[in-house]
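Below is one structure, written out as structure tokens, with a few remarks after it.
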Amino acid sequence: GVYVALIVAAAIVLFPIYMAFVQALSPPGLYASRGTPLYPVGWDWDVFSRAWDRGNLASAIGRSLVVTGLIVVVQLVTSVLSAYAFAFIDFPFKRLLFAVFLATMLLPIEVTLLGNVVTIRQWGWIDSTAALVLPTAAAAFGTFLLRQAFLGIPGEVREAAVLDGVGDMGFLVRFAIPLARPVIASYTVVTALTAWGAYLWHRAVIVDTADSATVPIALRTLASQATDGNVAVAGALLVSLPVLAVLIVFQRSIVKGLSAGAVKG
């Protein structure tokens, strides 16, 4: 019964992806005339090459890989350092500052979008990598998640390190980060997926879509310019391949990170 339930759940989850393949491989006119069946009609395999060329996906994927990599690295550094400070270091107004950190999670991007765009324009960063990376250099969610992971480290480990003369940076590198590795790996994947699919902020600071477009902008441009609807669907499938690769490679780390601290003893 458990396996039957898992198979049904997997089929429900994978069905939209399967239908995307069906629609990509089927010429729109022919597919509609056949009553939109659950199987491909026409088998238009060239649609993927057309989507790749028309959407300039090679450039967009390359730029998105660079931007996503930078965002992941910067967010990990700021989140690890701030989480360690909130977990182990005593300083004035610590609780108040942490509450302010958490409060920023309640603000949607629309609240700060206009002010940030004006700032980026004043600094002359439009169509630049800095405009895509630096505004997301710090994340309250990462600080909160990693702080909770650090607080789960046994106090005896911290006390033994202090007695051995290990400083804060030494304890962070030698003990805190290795012990919180599953949570850090999960946060890395979540950050990468979020950065890869970000559209609103990229659309606000990217004007020259021909040379500076990231994957979401390239897909939007492809969908608006393509005369065949299956071309845009094929493009979406192509740009999802890096995401699929990340999920396959880090699936064990994701499960460990999500379950870390769920079982005690």
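Please work out which one of (1) touching a Lys or Arg at 6+ places or on another chain (Cβ under 7 Å); (2) at pLDDT 90 or above; (3) not hydrophobic (A, V, I, L, M, F, W, C) is the condition THR191 fails and give its number.
(1)
Tally up the residues in region 149-170 that are of a type in the set (A, V, I, L, M, F, W, C) and either under 17 Å from VAL77 (Cβ atoms) or part of a loop (DSSP other than H, G, I, E, B) (or both), please.
Selection size over region 149-170: 5.
Cβ-Cβ below 8 Å, separation at least six or inter-chain, first residue in region 236-265 and open to solvent by 100 Å² or more (accessible area, probe 1.4 Å) and aliphatic (A, V, I, L, M), second part of a helix (DSSP H, G or I) and at pLDDT 75 or above: which pairs?
LEU258/SER186
With surrounded by fewer than 13 Cβ atoms within 10 Å (Cβ to Cβ), in contact (Cβ under 8 Å) with a residue 12 or more places away in the chain and either under 23 Å from the mean Cα position of the chain (by Cα) or more than 30 Å from ARG54 (Cβ to Cβ) (or both) as the only criterion, which of ASP164, ASP168, ASP211, ASP127 stands out?
ASP211
Which residue is surrounded by the most Cβ atoms within 10 Å (Cβ to Cβ), if the candidates are limited to region 216-235 and must be in a loop (DSSP other than H, G, I, E, B) and not aliphatic (A, V, I, L, M)?
Here the residue is ASP228.
Would you mind finding the one in ARG158, ARG181 that is basic (Lys, Arg), open to solvent by 20 Å² or more (accessible area, probe 1.4 Å) and within 20 Å of the chain's Cα centre (by Cα)?
ARG181
Would you confirm, using the coordinates I've provided, whether ILE126 is touching a helix residue (DSSP H, G or I) at 6+ places or on another chain (Cβ under 7 Å) and in a helix (DSSP H, G or I)?
no
Of the numbered conditions (1) open to solvent by 40 Å² or more (accessible area, probe 1.4 Å); (2) within 30 Å of VAL239 (Cβ to Cβ); (3) at pLDDT 90 or above, THR112 fails exactly one; give the number of that condition.
(3)
So that you can scan it fast, the table gives a plain yes or no per residue for (1) more than 20 Å from LEU247 (Cα to Cα); (2) not in a loop (DSSP other than H, G, I, E, B):
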position	(1), (2)
PHE175	yes, yes
VAL183	no, yes
SER186	no, yes
VAL189	no, yes
LEU193	no, yes
TRP196	no, yes
ALA204	yes, yes
VAL207	yes, no
ASP211	yes, yes
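Return a yes/no flag: does region 139-148 have any residue that is open to solvent by less than 60 Å² (accessible area, probe 1.4 Å) and not in a helix (DSSP H, G or I).
Scanning region 139-148 turns up at least one residue that is open to solvent by less than 60 Å² (accessible area, probe 1.4 Å) and not in a helix (DSSP H, G or I).
From LEU65, LEU70, which residue is in a helix (DSSP H, G or I), open to solvent by 80 Å² or more (accessible area, probe 1.4 Å) and closer than 24 Å to ALA138 by Cα?
Being in a helix (DSSP H, G or I), open to solvent by 80 Å² or more (accessible area, probe 1.4 Å) and closer than 24 Å to ALA138 by Cα holds for just one of LEU65, LEU70, which is LEU65.
Just to check your reading of the model, which residue among ALA24, ALA32, ALA83, ALA10 is small (Gly, Ala, Ser) and loosely packed, with under 12 Cβ neighbours inside 10 Å?
The match here is ALA10.
The values are calculated or read from the model by the stated rules, or taken from the named source; none is laboratory data. None of the values given here were measured: they were computed from a predicted structure. Note that we place each Cβ from the backbone using ideal geometry, even for glycine, and neighbour counts take in every protein chain shown. Quick note on the areas: whole protein, heavy atoms, side chains included, nothing else; ligands and nucleic acids left out. Shrake-Rupley method; radii C 1.70, N 1.55, O 1.52, S 1.80 Å.
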